[in-house]
1. What single numbered condition from (1) surrounded by fewer than 23 Cβ atoms within 10 Å (Cβ to Cβ); (2) within 26 Å of residue 16 (Cβ to Cβ); (3) touching a residue at least 60 places away in the same chain (Cβ under 8 Å) fails to hold for residue 178?
2. Identify, please: which residue in the stretch 97-112 is outside any strand (DSSP E or B) and within 12 Å of the chain's Cα centre (by Cα) and is, among those, nearest to residue 162 (Cα to Cα)?
3. Condition first: surrounded by fewer than 19 Cβ atoms within 10 Å (Cβ to Cβ) and on the phi > 0 side of the Ramachandran plot. Now tell me which residues in the stretch 109-163 satisfy that.
4. Taking the stretch 69-86 only, how many residues are touching a strand residue (DSSP E or B) at 6+ places or on another chain (Cβ under 9 Å), at pLDDT 95 or above and closer than 17 Å to residue 9 by Cβ?
5. Which condition number does residue 117 fail, the rest of (1) in contact with a helix residue (DSSP H, G or I) (Cβ under 6 Å, 6 or more places away or on another chain); (2) more than 21 Å from residue 14 (Cβ to Cβ) being met?
6. Looking only at the stretch 56-68, filter to residues that are out of contact with any helix residue (DSSP H, G or I) (no Cβ under 6 Å at 6 or more places or on another chain) and surrounded by 14 or more Cβ atoms within 10 Å (Cβ to Cβ); which one of those is farthest from residue 12 (Cα to Cα)?
7. What is the number of the single condition among (1) free of Cβ contacts under 8 Å to residues at least 60 places away in the same chain; (2) on the phi < 0 side of the Ramachandran plot; (3) out of contact with any strand residue (DSSP E or B) (no Cβ under 8 Å at 6 or more places or on another chain) that residue 42 does not meet?
């Protein structure tokens, strides 16, 4: 199956603490369906994932760094979770700038688990209905978003397509909505 052939996806992470399945599963799924996925990390060193925020997971080589990547050529931004990853990523000005570039141009953003922390930091959840790991609910509400406890939420209330999910158990729903938003937001449509 290659219904996403030619679609360009940018995933941004830190080099330590990203939740393994929230990175690896979407990368493999999107690539298996024809998308070109670029992994940008804070540094050029390997990305060391974790399982459940504590056990060592797979190690992945990034394609580029967040500072070097030009977000203009991508169709969707993927922000995986992991508590350490998300908390560190939201302190990276370059990562916040990437979110702002996608949101201001109306391109889709997909964030799972603690990933929406980056959107909160960028000021891009106001008016949106979204979900996340439950501990972010207050942060989302304080930033003007409406937090709900659902497996996946697809919304445009913040002015751009936003897909969010709560945790790795929601990955099937998350991936389905990522595919749907990529199909709906083809260049020129």
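1. With respect to (1) surrounded by fewer than 23 Cβ atoms within 10 Å (Cβ to Cβ); (2) within 26 Å of residue 16 (Cβ to Cβ); (3) touching a residue at least 60 places away in the same chain (Cβ under 8 Å), residue 178 is out only on (1).
2. If we take residues in the stretch 97-112 being outside any strand (DSSP E or B) and within 12 Å of the chain's Cα centre (by Cα), then 108 is nearest to residue 162 (Cα to Cα).
3. If the condition is that a residue be surrounded by fewer than 19 Cβ atoms within 10 Å (Cβ to Cβ) and on the phi > 0 side of the Ramachandran plot, then 123, 127, 144, 159 are the ones that fit.
4. The number of residues fulfilling the criteria is 10.
5. Failing condition for residue 117: (2).
6. Step by step, filter the stretch 56-68, then rank; the result is 60.
7. (3)
A quick yes/no check of all residues on (1) surrounded by fewer than 23 Cβ atoms within 10 Å (Cβ to Cβ); (2) under 17 Å from the mean Cα position of the chain (by Cα):
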| site | (1), (2) |
| --- | --- |
| 6 | yes, no |
| 13 | no, yes |
| 28 | yes, yes |
| 31 | yes, yes |
| 35 | no, yes |
| 43 | yes, no |
| 54 | yes, no |
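The values are calculated or read from the model by the stated rules, or taken from the named source; none is laboratory data. Model, not experiment: these values are computed from the prediction. So basically every Cβ, Gly included, is an ideal-geometry build from the backbone, and we count neighbours across all protein chains shown.
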